[in-house]
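Data block below; observations after.
The values are calculated or read from the model by the stated rules, or taken from the named source; none is laboratory data. Because the structure is a prediction, the values reported are computed rather than measured. Don't worry about glycine lacking a Cβ; one is built from the backbone with ideal geometry, like all the others, and counts go over all protein chains shown. The accessibility values were calculated without ligands, DNA or RNA, using every heavy atom of the protein model including side chains. Shrake-Rupley method; radii C 1.70, N 1.55, O 1.52, S 1.80 Å.
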Amino acid sequence: FRVRPNPMNRSLLLSGIAALVAVSSATAQWSEASPATSPSTRSGCAMTFDTLRGETVLFGGSSVFTFFNDTWVYDGSTWTQRQPATSPGGRTESRMVWDATRGVSVLYGGNAGGGPFGGPSIDETWEFDGTTWAQVTTTTTPGGLANHGMAYDIVRSRVVVYGGLADSSFPIAAGETWEYDGTDWTLIATAASPGPRQDVAMCYHAGMQRTVMFGGVDPQVGGFGDTWTFDGTNWARLTIAGPTPSPRTLSKMVYDARRNVCVMYGGMDATNGTLINETWEFDGTRWPQVASPVHP
């Protein structure tokens, strides 16, 4: 039994976002934090921010052929490892978002290897309430994905998933849109689509009331440098005036509610494998690059 937060949390959070958007701020800059305790070195971990408890939540990831299933939280000063009674199995390249309506972190998919060349992606939905993990059994599922895009549409109370990789042994990217309402997954048929791709940068822009997606890669075609938005019914490719980020994969993007922008960092050039050390922001119209004397 778990006590669910009042559904009015969504309305309160939206009101808070509207108020914060009006606050001006100086140019954002990176600064390095040095907590005394941290998770071990890893890649492919899933992360989101729990607004109820004011903590960043981290799960899993991998290092060489080790797949982690540990849960950590970061309060802005210190990392603390949680010891939940139940946890998902070890995995990498899963995705996690904060469901502000129900007050849980939602984790989907991932990959745990299965052979020297990888294996099928994981077809599991899990929720973390700040104390323990619970697996959710749904009637319909996306069928197992890793390296997918995932965001939470707070206006419609839906987790949105796009693309991904069904089996790392066969690098054929998916091109479907799925939504999770806390009970079941639904395949969304759209008139327009970004097409097959994995490792996109994706988040929900509350000011636009749209899910925003940038880039990614189709292993059969190459990398992308386009910007798309999803309104819950259809995808639309945006025409951007001025500079835009170069094509890239594996970059990450989150929404900064205080400044009403999507912040994207890093990634990799899908053509030559060069890692990218850049910060860009999307305000709904333009992609200004942020110059910072300190970078991750």
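Using a/c under 1.5 as the rounded threshold, could you call segment 58-154 rounded, prolate or oblate? The axes a ≥ b ≥ c are square roots of the C-alpha gyration tensor eigenvalues, and prolate needs a/b larger than b/c, oblate otherwise. Oblate shape, in that a/c is at least 1.5 and b/c is the bigger or equal ratio.
For segment 34-56 versus segment 196-217, the inter-centroid distance based on Cα atoms is 22 Å. Most fluctuating residue of THR41, THR229, THR71 in a GNM of the chain with Cα springs under 10 Å: which is it? Checking each option, the largest mean-square fluctuation is seen for THR41. Convex hull volume of the C-alpha atoms in the chain, normalised per residue: 136 Å³.
Rounded to the nearest Hz, the phi-derived 3J(HN,Hα) couplings of segment 120-136 under the Karplus curve 6.51 cos²θ - 1.76 cosθ + 1.60 (θ = phi - 60°) are x, 6, 7, 10, 9, 10, 10, 10, 10, 9, x, 10, 9, 9, 9, 7, 9, where x marks glycine and proline. Is it possible to state the helix-based mean residue ellipticity at 222 nm for the chain, with each DSSP H run of 4+ residues giving -39500 (n - 2.57), the sum divided by total residues, to the nearest 500 deg cm²/dmol? What is it? Value at 222 nm, helices only: -1500 deg cm²/dmol. Taking a sphere under 15 Å around the Cβ of TRP30 and counting the other residues whose Cβ falls inside, with K and R at +1 and D and E at -1, yields a net charge of -2.
For segment 114-163, compute Rh as the Kirkwood radius over C-alpha pairs and then the Stokes-Einstein diffusion coefficient at 37 °C and 0.692 mPa s; write the answer in µm²/s, rounded to an integer. Translational diffusion coefficient: 252 µm²/s. Note on segment 155-238: Rg/Rh from Cα positions, Kirkwood definition for Rh, rounded to two decimals, is 0.96.
3J(HN,Hα) along segment 177-183: 10, 10, 10, 10, 9, x, 10 Hz, from the Karplus curve 6.51 cos²θ - 1.76 cosθ + 1.60 with θ = phi - 60°, whole Hz, x for Gly and Pro. Between GLY242, GLY103, GLY114, the residue with the greatest mean-square fluctuation in the GNM of the chain (Cα pairs under 10 Å linked by springs) is GLY242. The residues neighbouring THR71, those whose beta-carbon lies less than 12 Å from its own, together hold a net charge of -3 under the Lys/Arg +1, Asp/Glu -1 convention. For the chain, with all protein chains in place and a probe radius of 1.4 Å, 55% of the accessible heavy-atom surface sits on carbon or sulfur. When the square roots of the Cα gyration tensor eigenvalues are ordered a ≥ b ≥ c, the ratio a/c for segment 113-271 is 1.5 or more and a/b does not exceed b/c, which makes its shape oblate. Between the alpha-carbon centres of segment 78-116 and segment 224-285 there is a gap of 24 Å. Once backbone amide H atoms are built at 1.01 Å from N, ILE188 has THR177, TRP178, GLU179 as its partners under 5 Å, excluding neighbours fewer than 5 places away on the same chain. Amide H to amide H distances under 5 Å link VAL136 with THR125, TRP126, GLU127, where only residues 5 or more positions off or on other chains count and H is placed in the peptide plane. Mean-square fluctuations from a GNM of the chain, with a 10 angstrom spring cutoff on Cα atoms, peak among MET268, MET213, MET47 at MET268.
Amide H contacts under 5 Å for VAL104: ASP99, restricted to partners 5 or more places along the chain or on a different chain, H placed in the peptide plane at 1.01 Å from N. For segment 34-47, backbone phi angles converted through the Karplus equation (6.51, -1.76, 1.60; θ = phi - 60°) give residue-by-residue couplings of 10, x, 5, 10, 9, x, 5, 4, 6, 10, x, 6, 9, 9 Hz, Gly and Pro being listed as x. Averaging the sequence gap over all C-alpha pairs within less than 8 Å and six or more residues apart, then dividing by the number of residues, gives the chain a relative contact order of 13 percent. Taking a ≥ b ≥ c as the square roots of the eigenvalues of the Cα gyration tensor of segment 118-209, is the shape rounded (a/c under 1.5), prolate (a/b larger than b/c) or oblate? Verdict is oblate for segment 118-209.
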